[in-house]
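Here the structure is laid out as structure tokens; the discussion comes afterwards.
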Amino acid sequence: MASTTRRPSTAADRRAALEKRILSEIEELLRGGVTYTELSVEQIAHAAGISRSTFYLYFRDKVDVLLRLSGSLKTESFAIAEAWRPCDPDGGVDGLARTYERILRHYREHAALLSAINEVAAYDPVVREAWTADQDRFIDNVVTVLEEEQQAGRTPTDIDPRLAAKVIVQGGAQVIAQQVANSGGGDDVLVAAELARGYWYGVYRRPGDPTAD
């Protein structure tokens, strides 16, 4: 009897590989100093070794490309953030500092892309809204953590989980973006530690509180 197992589509594999190459070439062009506004579809297609018509088989336009790139960037950083929990073996304020270090390292590796997103978001509402909407996942994750900590009696109950989560996520995002854009990275560890201490002792725990470490 013939096997009913379906093999992966060769066409789908080729498409995924080409999309990955196009996205990779765009990041390389951005690292070379060109701004995303200056970057043309012709340049992108040439760098990826494809025609303009082939480019449009995969992307609607330059904005579509940036949306996919920003989505990938946020997905990876969310995985880093989601992995931290206060009471896990790598939890606590030191574990939170290491989490911020990893997030900073991730964004620094994609600094050109982060700069392009901020550049285009300043004038394109679609990119701006997509980038902002992605923050909701981070906020929801922090809300979950805070509510779990409150229920366990380890975080003060007078904290509003959603408001606190917005402060943590939005404030942290601004600090990280500024750090990546304006620093060479030599003080990333110190910045990560300060972010961790600020949020740990200001939200998760409080010095002198019965729930504090």
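The values are calculated or read from the model by the stated rules, or taken from the named source; none is laboratory data. What you see is a predicted model; the values in this text were computed from it and never measured. Heads up, the Cβs are rebuilt from the backbone with ideal geometry, glycines too, and the neighbour counts pull from every protein chain shown. With ligands, DNA and RNA removed, areas are computed over all heavy atoms of the protein, side chains included. Shrake-Rupley method; radii C 1.70, N 1.55, O 1.52, S 1.80 Å.
Relative to the first principal axis of the alpha-carbon coordinates of the chain, what is the inclination of helix 111-121, with its axis defined by its Cα atoms, in degrees from 0 to 90 and to the nearest 10? Taking Cα atoms only, the helix is inclined about 90 degrees.
Note on Lys20: lysines with a C-alpha under 22 Å away, same-chain residues under 8 apart excluded, are Lys62, Lys74. Distance between the modelled labels on Tyr123 and Val63, one decimal in nanometres: 1.3 nm (7 Å Cα→Cβ projection). Between the range 117-154 and the range 29-70, what is the separation of their alpha carbon centroids in Å? A separation of 27 Å, based on Cα centres. Between Ile176, Ile103, Ile80, the Gaussian network model of the chain with springs among Cα atoms under 10 angstrom shows the greatest mean-square fluctuation at Ile80. Our estimate of slack between Asp94 and Arg31, defined as 0.36 nm per intervening residue step minus the Cα-Cα distance, is 19.4 nm. Only Cα pairs under 8 Å and 6+ residues apart enter the sum, and on that basis the relative contact order of the range 71-143 stands at 33 percent. Contour minus end-to-end for Tyr201 and Ser72, with contour as 0.36 nm per residue of separation and end-to-end as the Cα-Cα distance? The span from Tyr201 to Ser72 would gain 43.3 nm if fully extended. Computed log10 I(q)/I(0) for the range 69-186 at 0.11, 0.18, 0.20, 0.23 Å⁻¹: -0.39, -0.98, -1.16, -1.42, from the Debye equation with unit scatterers placed on every C-alpha and solvent omitted. For the chain, the longest principal axis of the Cα atoms and the long axis of helix 62-82 meet at an angle of about 30 degrees. Label sites at Ala12 and Glu109, each approximated as a point 7 angstrom past Cα along Cα to Cβ, lie 2.7 nm apart.
Treating the angle as unsigned and between 0 and 90°, give the value, to the nearest 10°, between the Cα long axis of helix 188-199 and the longest Cα principal axis of the chain. For helix 188-199, the angle is close to 50 degrees. When the chain is treated as a GNM with alpha-carbon contacts under 10 Å, the residue of Glu101, Glu149, Glu129 showing the greatest mean-square fluctuation is Glu129. Between Thr144 and Asn182, the modelled label-to-label distance comes to 3.4 nm, taking each label 7 Å out from Cα in the direction of the beta carbon.
Surface analysis of the chain yields an accessible area of 55 Å² per residue, using protein heavy atoms and a 1.4 Å probe. Per-residue extension of 0.36 nm, minus the Cα-Cα distance of Glu38 and Ala83, leaves a gain of 12.5 nm for this segment.
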